[in-house]
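Student: Okay, here's the structure, questions in a sec.
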Amino acid sequence: MEFDLEFALETVGPLLMAFLQVTLVVTVAGSVVAALLGLIWAVCQRELPTPVRLPLSWVLDVIRMTPLPLQLLFAVAIFISFDGYRKFPDTDVETIGMILGVAVFAIHYSTYMAESYRAGIDSIRQGQWEAATALSLPRSRVWRAVIIPQALRATLPSLGNWAIAMFKDTPFLLVILVPEMVAKAKQLGGASYQYTEVFTVAGLIFLAASYPTAVLMRKLEKKLVY
Amino acid sequence: MSTDTTSPGGSTGDQPRIVMEDVSKKFGKNTVLDGLNFTVARGERVTLIGPSGSGKTTILRLLMTLEDLTGGYIYIDGDPLTYAKRGNRRVKLPNKEVTQIRKRIGMVFQQFNLFPNMTVCENIIEAPVHVLGQSKDEARAKAADLLDQVGLRDKIDAHPTSLSGGQQQRVAIARALAMEPEILLLDEVTSALDPELVGDVLEVLREVARKTDITMLLVTHEMQFAQDVSHRVLMFDEGRVIEEAKPEVMFNNPTHERTKQFLQAVL
Amino acid sequence: MSDFFQAISDYSPYLWEGARVTLALSGGGAVVALVVAVVLGLCAISPVAVLRVGSRVIVEFFRGTSLVVQLFFLFYVFPLFGIDLPGMWCGIVGLGLNYGAYGSEVVRGSLNAVAKVQWESTTALSMSWPLAVRRVIWPQAWGLMLPGLNNLMVMLVKGTAVALLIGLHDLTYWVEVMRKDPEVGLWIAYGAGFLFYYLIALACSSGLRLLERRAQRRLGLAPSKTRTTRATAEAVA
Ligand SMILES: Nc1ncnc2c1ncn2[C@@H]1O[C@H](COP(=O)(O)OP(=O)(O)OP(=O)(O)O)[C@@H](O)[C@H]1O
Ligand SMILES: [Mg+2]
């Protein structure tokens, strides 16, 4: 078995294309939505009365502890059962798959991010809450002006790390037939059984994108979290 | 609302500013305050002294609504603060009402508790803008005046973390005063400071005492300061007032044996 | 509700088969991952520079390239070189290497978190490095690493669903089959699927929590509700 360098180089273009058009889009959109949702869950878990909070926490636990592929298939199945594809006849299947993918990744990782936010919120000293009470600040203002800005500082590196983890999970989109990079690699390699080349290239693209980001997060962690 | 006064908001001159009625506080099974009664008049400055664990901080925190009152009532200008008497029942007041009354009270903490994500100015104008609804310009102008008073005009755009403990505490005093409270609670505001920084902070507070008629309730170990600013001193032990007197009497001729022991230990 | 149990009992042979695959992947993967994590973690703190650098490279490689890519290497590329592992073994090895690399970060972090004076006292007692690690450092680090390993274990259980991509018939596969049966339908099939995975993950996590409690008791620590989210996020990034 020879490593066909020429073929490998040929596949870089299409794979990078799939990377930019699908993998990156899903990761960025998914992370942003997950970061917002996660914050909402974390605040809800502090603010809601126990009878609402406990079921919410349980649902988040279930989402966190069950597999992404199952959740992706579930999302598509719901979509089909509501006649989704027929309702959006002008939208192609791949776009719908990507949108569902973003939604599932965002919800799944929001449960992890919520845990990180909670840790960040817990690390804020009680005195900050008390000072806010002594100034009669309304609750919403306390969150927005005092607690969230401080918690964010401690949480940001973790959010970045979850985004990287999400990035590496994007090949799961394969199960709902979204043409992300690894699917593309499999397709390109399958034609001539040149799997070595395509998966090497795909792996290197992953490494090239995730390793520097992870190093950056570690630096950020040292800087922001004292 | 007050139950028997004709003028809400308490403009009657003889209405006491603070009334503690049968106040009790338990932490779990630990009874910290038990049937405590005392009143503070308008413009009066009262110092609480007593051994560690006697419940001084607890009283201030109850007034600031940072702790839940286990029993009894607290009235501010005749208005119930957190619990009200309705016939024979003791009912908890809704948050909205509590907030209305709480606005009349300000507190300065031992650990300053400035918001580290805001500048000095933002710390001071945060509540005036978002609670009292002042305009930013108005609040900023007042913040500058207050910083003048505490001698930190040049630090208006500094970050709290870049200030010394003494400077932070003076900002915290300015922040509390910016709300124009009728009552100011001070809990050992100098005890987290290095000795050489204590003087500046106490000087600022002396100035406030001299220039305003703000009602003050203070806990301090600085006996000279207590003697200089307060009208009355209450000696606490085991959750009760065991002696009360004018400062010169309390510090020079205490009558109660426990007070004598305590003062001997701290003076 | 009775529909739910009816469907589960109708499909019980298949679900059982699926659960067996999922459990085998989880168990096998966890064993491989633990060995990899401990070896790489120890290498990372060893006094030998080659081992430290080597383990760093391996760990970053497995963390940086996606689990699915690694699995496809095992499944599609290795046979081209004459190494034809059955699907199940691909899954176990793939999961083990990937989560082992993550785990090694947790192990390294915990070993480093043991107080410096403990190391110094082993030097003062002229203990060799292996002896010091085995008798003094490891027992203390063990209690610290369990919460992080616990989080990773739950992720590994979820990760077994990659089995679907290499043609194994695990729980996810059978849930999807059930879903397509009009007698069962979407909600019951997926309700069962989520419930099973949740219960498996919960069982693993509770078991490890017991170990953690025991380890902490041995070290004379109160059972803490340690927050390990940050360390876990860093390990899997
Ligand atoms: N949050 C709490 N939970 C349980 N017990 C508490 C709490 N806060 C205070 N206590 C208890 O209440 C008692 C009174 O405490 P407090 O802080 O009011 O005393 P203090 O007079 O201010 O003492 P010091 O001079 O040391 O500040 C103490 O026995 C303390 O242990
Ligand atoms: Mg105190």
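Student: How far is the Cα center of the range B:202-220 from the Cα center of the range A:119-138, in Å?
Tutor: The range B:202-220 and the range A:119-138 have Cα centres separated by 26 Å.
Student: A follow-up question, please. Mind grabbing the interface size between A and C? I mean buried accessible area, both sides, 1.4 Å probe, in Å² to the nearest hundred.
Tutor: 4500 Å²
Student: Taking the Cα-to-Cβ direction at B:Asp194 and at C:Phe81 and moving 7 Å from each Cα, how far apart do the two end points lie in nm?
Tutor: Distance between the two pseudo-spin positions: 6.3 nm.
Student: Under 15 Å from a label point 7 Å along Cα→Cβ of C:Val57: give me every residue in the range C:70-89 with its amide N that close.
Tutor: none
Student: Here's another thing I want to ask about it. Once you keep just the Cα pairs under 8 angstrom separated by 6 or more residues, what percentage relative contact order results for chain A?
Tutor: 33 percent
Student: Shifting gears a bit: Diagonalise the Cα gyration tensor of the range B:118-180 and give the resulting equivalent ellipsoid semi-axes, square root of 5 times each eigenvalue, largest first, whole Å.
Tutor: Ellipsoid half-lengths, sorted descending, are 18, 11, 10 Å.
Student: Let me ask another. Which three numbers, in whole Å and largest first, are the semi-axes of the equivalent ellipsoid of chain B derived from its Cα gyration tensor as √(5λ)?
Tutor: 29, 25, 17
Student: Continuing with the same structure: Working from the alpha-carbon coordinates of the range C:109-185, get Rg over Rh, Rh being the Kirkwood radius.
Tutor: Rounded to two decimals, Rg over Rh is 1.40.
Student: Two-decimal Rg/Rh of the range C:157-220 from alpha-carbon positions, Kirkwood Rh?
Tutor: 1.22
Student: Moving to a separate point now. Given R₀ = 45 Å, what would the calculated FRET efficiency be for C:Ser12 paired with A:Leu20, taking r from the Cβ atoms and rounding to 0.05?
Tutor: 0.45
Student: Let me know the Rg and Dmax you get for the range C:2-236 when you use only its Cα atoms, in Å.
Tutor: 20.6, 72
Student: GNM, chain B, Cα, under 10 Å: largest mean-square fluctuation among B:Asp145, B:Asp79, B:Asp14?
Tutor: With Cα springs under 10 Å in chain B, the top fluctuation among B:Asp145, B:Asp79, B:Asp14 is at B:Asp14.
Student: Sticking with this one: Taking θ as phi - 60°, what are the ³J(HN,Hα) couplings along the range B:229-246 by the Karplus curve (6.51, -1.76, 1.60), each to the nearest whole Hz, with x for Gly and Pro?
Tutor: Ordered by residue, 3J(HN,Hα) equals 9, 8, 8, 8, 10, 10, 9, 9, 8, 6, x, 9, 7, 9, 7, 9, 6, 5 Hz.
Student: Give the Rg (one decimal place) followed by the Dmax (whole number) of the protein assembly as shown, computed from C-alpha coordinates and expressed in Å.
Tutor: My reading of the Cα-based Rg and Dmax gives 32.4, 103 Å.
Student: Suppose R0 equals 45 Å. What FRET efficiency, 1/(1 + (r/R0)^6) with r the Cβ-Cβ distance, do A:Arg46 and B:Asn37 give to the nearest 0.05?
Tutor: 0.80
Student: Limiting things to C-alpha atoms, what are the Rg and the maximum Cα-Cα separation (Dmax) for the range C:1-104, in angstroms?
Tutor: 18.1, 63
Student: Leaving out ligands, DNA and RNA, what percent of the accessible area of the protein assembly as shown is carbon and sulfur, probe 1.4 Å?
Tutor: Whole-percent figure for carbon plus sulfur exposure: 59.
Student: Could you please state, rounded to a whole Å, how far the C-alpha centre of the range C:67-92 is from the C-alpha centre of the range B:142-163?
Tutor: 66 Å
Student: Could you work out the relative contact order of chain B? I mean the mean sequence separation of Cα pairs under 8 Å and 6+ apart, divided by the number of residues, in percent.
Tutor: Taking the mean separation of contacting Cα pairs over the length of chain B, I get 24 percent.
Student: Excluding residues on the same chain fewer than 8 positions from B:Lys85, give the aspartates and glutamates whose Cα lies under 14 Å from its Cα.
Tutor: Within reach: B:Asp4, B:Glu21, B:Asp22.
Student: With chain A treated as a Gaussian network of Cα nodes joined by springs under 10 Å, which of A:Pro179, A:Pro149, A:Pro69 yields the largest mean-square fluctuation?
Tutor: Largest GNM mean-square fluctuation: A:Pro149.
The values are calculated or read from the model by the stated rules, or taken from the named source; none is laboratory data. The model shown is predicted, which means the values in this text are computed figures rather than measured ones. A quick note on method: Cβ atoms are made from the backbone with ideal geometry, for glycine too, and the neighbour counts reach across all protein chains shown. Note: accessible area is taken over every heavy atom of the protein model, side chains too, but ligands, DNA and RNA are not part of it. Shrake-Rupley method; radii C 1.70, N 1.55, O 1.52, S 1.80 Å.
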